[in-house]
1. Taking a probe of 1.4 Å, how large is the accessible area per residue of region 417-502, in Å²?
2. Report Rg/Rh for the chain, rounded to two decimals, where Rg is the Cα radius of gyration and Rh the Kirkwood radius.
3. Mind pulling the angle between the C-alpha long axis of helix 172-183 and the longest principal axis of the chain? Nearest 10 degrees, somewhere in 0 to 90.
4. Roughly speaking, to the nearest percent, how much of the chain's 1.4 Å accessible area is carbon and sulfur?
5. Is the shape of region 146-264 rounded, prolate or oblate, going by the alpha carbon gyration tensor and its root eigenvalues a ≥ b ≥ c, with a/c under 1.5 for rounded and a/b larger than b/c for prolate?
6. Toward the positive end of the charge dipole of the chain, about the Cα centre and with charges on Cβ (Lys, Arg +1; Asp, Glu -1), which of Leu45, Ser450, Ala105 goes farthest?
7. Straight-line reach only, C-alpha to C-alpha below 17 angstrom: list the lysines that Lys132 could link to, leaving out same-chain residues fewer than 8 apart.
8. Under 28 Å between alpha carbons: how many lysine pairs meet that in region 367-502, if sequence neighbours fewer than 8 apart on the same chain are excluded?
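The values are calculated or read from the model by the stated rules, or taken from the named source; none is laboratory data. Model, not experiment: these values are computed from the prediction. For neighbour counting, all protein chains shown are included, and Cβ atoms are generated from backbone atoms with ideal geometry for every residue, glycine included. Note: accessible area is taken over every heavy atom of the protein model, side chains too, but ligands, DNA and RNA are not part of it. Shrake-Rupley method; radii C 1.70, N 1.55, O 1.52, S 1.80 Å.
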Amino acid sequence: MRVTSLQLTEFRSFVDMEPIALSAVNVFIGANNSGKTSVLRALYLLQQSGDAIYPDVRVGSETATVRIGLEDVSGLNWGSLGNGLVTITLNSPNRRDGGVQINFASTNGNNYGLAVLKAEEPHHFVVPFLSKRKTATYQEDIRIQFAMQVTPSMAYLPAKLSRISNPSFPGYEKYRETCTAILGFMVTATPSENGQRAGVYLPSRETIAIEQMGEGVPNIVTLLADLALSEGKLFLIEEPENDLHPTALKALLELIVESSKSNQFVISTHSNIVLRHLGAIASTLVYEVSAVPGRMPTEAVIRAIEPTPQARLEVLRDLGYSFSDFDLWDGWLFLEEASAERIIRDYLIPWFAPKLSRVRTLATGGTGNIEPTFTDFYRLARFSHLEQAYTGAAWVRVDGDESGQKVVAQLRKCFPSWAADHFNCFSQSQFEHYYPSVFRQQVAQALAVSDRQKRRDAKKQLLEDVRNWLDEDQTRAKAVLTECAQEIIVDLQKIESQLFGN
């Protein structure tokens, strides 16, 4: 089953929202209290009941209506209904109690009255991962009825882990692999006085309970367990970035991208990382939710973010992303160290390949940062619909040592459609070997320093000395660089030709 559209009337902060389309991945951005949560809560009504839903009727109204387009309705406690429109009506004169009606109008003309979907496996459709998912205590009773519950709370995590951490349980391998990849260890269920607790075994056979771990660990583990077991489900995820380190967040987002092939996601966020990663999928729909100024109670409106570079980059700027000049460059040259970037940008390009002044040079700060930085660049190009403009207009150059050769090989593997020479190593193991020969002894001394920080300081001072020497006499500097940096000059001129033609 898939959700195809959503429309809200007198529901929370929405007065009369125009219908919006929903895809496999849908990202909602906006300021706090703008109405993002209302979108998730509306969809959750498919599976949520009880008095907690009546405050969702807008202040000043007695009735709220949620219309949800669905396709391929089958396999749930509703039976096989095909495609159609679900209308959920909340009637509450006091916003404390009332009644709920759920009707389904199929595309073939039939109408049905429905009950709320079951919130237990395998009959559920919605997997809620909302902002109030944290729990003060975890239920240590792992009986089957707790393992099968689908709730917005993480209280039943031990029961769920007791199943999925068993190697014979379907989904175990996927959970183990993703948990280990993202966290570095697998969280399982461990014996306790009252049943089992979520935790990790140490080599000593002692355990660390999940309550003793970082705030982000329960969030990741809960979502990983659900993703490993789900197919054809609707995930409602509120602010996945909460309590997660950017590295773990990116790994989790990659898993969501992969899972979107068989599940649907509606996600609210304040994070430009979330937006860039998920928005890079061609089919992702991005919506901005905002409050009408001066209206009380708050009145929300939704607008679709157009798939144009200008619109997409403006959204990133609103979320604090600093790559605001992304669409102003003709190409990109990614380099390993600041020393290479400064010499190439300030001297070699202006003197020997001047057309490349329209190319952005960027130092990543080490070979370990090259691949993730270039991948982020490529993902941003896809997100902002500039992929066609920048495919073939970016180059990576790193030192020719072992780590440089490995990262070049990895990039060529990850981006097979790019010409191999867009990812290359210099022949020298360190860029400083291309400095004028007058600095040969100083180069050897700087590179011989074993302490990392002291070596960094020595290379920084060396760079300043070289720059001062080059600035003293440009005629001399050009002549010397023509000889000592000939390899790099030829490479830059080749890039210039590839980008602009002869």
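1. Result: 59 Å² of accessible area for each residue.
2. A ratio of 1.07.
3. 50 degrees
4. The nonpolar share, carbon plus sulfur, comes to 48 percent.
5. It is prolate, given that a/c is not under 1.5 and a/b is the larger ratio.
6. The residue sitting farthest along the positive end of the dipole is Ala105.
7. Lys36
8. Here the count comes out as 8.
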